[in-house]
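Below is one structure, written out as structure tokens; comments come after it.
Every read-out reported here was derived from the displayed coordinates using simple, explicitly stated rules and does not represent laboratory data. Because the structure is predicted, anything quoted here is derived from the model rather than measured. Here the Cβ is made from the backbone with ideal geometry for all residues, glycine too, and neighbour counts use every protein chain on show.
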Amino acid sequence: MKKIVLLSMAVASMGASAVSVADTRAQVGAGYHGSSIAENNSDYDVDFTSPVFSARVLPSNHFAIETNYYLAGGGKFSLGADSGSSSYDTSGLELNLLLGTNMVDEGVYAYAGVGYFSETWKSNSSGSKYDASGLQAPIGVGYNFGNFAVDLQYAYRNPSAYDGQVFDHGSDAEASVYQLRFFSNL
């Protein structure tokens with residue numbers, strides 16, 4: 001009897017998981033990515049723009065797992081208003097966990113989450129490379145039209161991710177990214 005009950009529970013749980021997998025939706029998209037990193041004490045200013053490619057898995061109407069890849073973006077790195085700027089290329093990868101409202105259904109949606117990023121900057125003149133990685137907190141809004149969605153996201157990044165490689169340790173840095181993306185609903 002005990003084996004029959006356990007077998008029944010196993011079969012019932014497999015059926016429940018099959019339903020949840022069937023309800024899972026996905027989105028793929030592309031758009032515009034921008035980064036702004038500033039160090040207030042020494043007047044560093046960094047701005048990058050690049051194309052971004054994104055993918056999301058939406059197991060429910062209120063949760064999404066998202067990845068973003070941005071590449072070969074150009075940007076300027078300057079120290080103070082009187083110095084010339086250096087030209088850099090940047091590329092990176094992000095992984096975000098998002099909690100939101102109405103993320104699958106047609107209509108307006110909003111979300112907030114937590115994520116991790118890793119990016120590389122490469123100087124076009126000297127070939128020097130700088131790496132940064134750390135936590136970020138994305139928030140966003142969008143509109144789902146049924147077959148496609150439009151999405152605007154802002155993410156605050158942990159500025160200590162840029163300590164040592166880019167800025168002096170203990171600096172007063174601020175870091176954020178913004179993305180405008182168009183998704184196709186699969």
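For the pair ASP47 and THR24, a Förster radius of 41 Å applied to the C-beta separation gives a FRET efficiency near 0.65, rounded to the nearest 0.05.
Net charge in the neighbourhood of LYS129 (other residues with Cβ under 12 Å of its Cβ; Lys, Arg +1, Asp, Glu -1) is -2.
If the label point is 7 Å along Cα→Cβ of ALA137, which residues in segment 88-111 have backbone nitrogen under 17 Å from it? It comes to 96-100, 111, nothing else. When the label point is put 7 Å from the Cα of SER87 along its Cα-to-beta-carbon vector, which residues of segment 117-147 have a backbone N closer than 20 Å? Residues 120-130 fall inside that zone.
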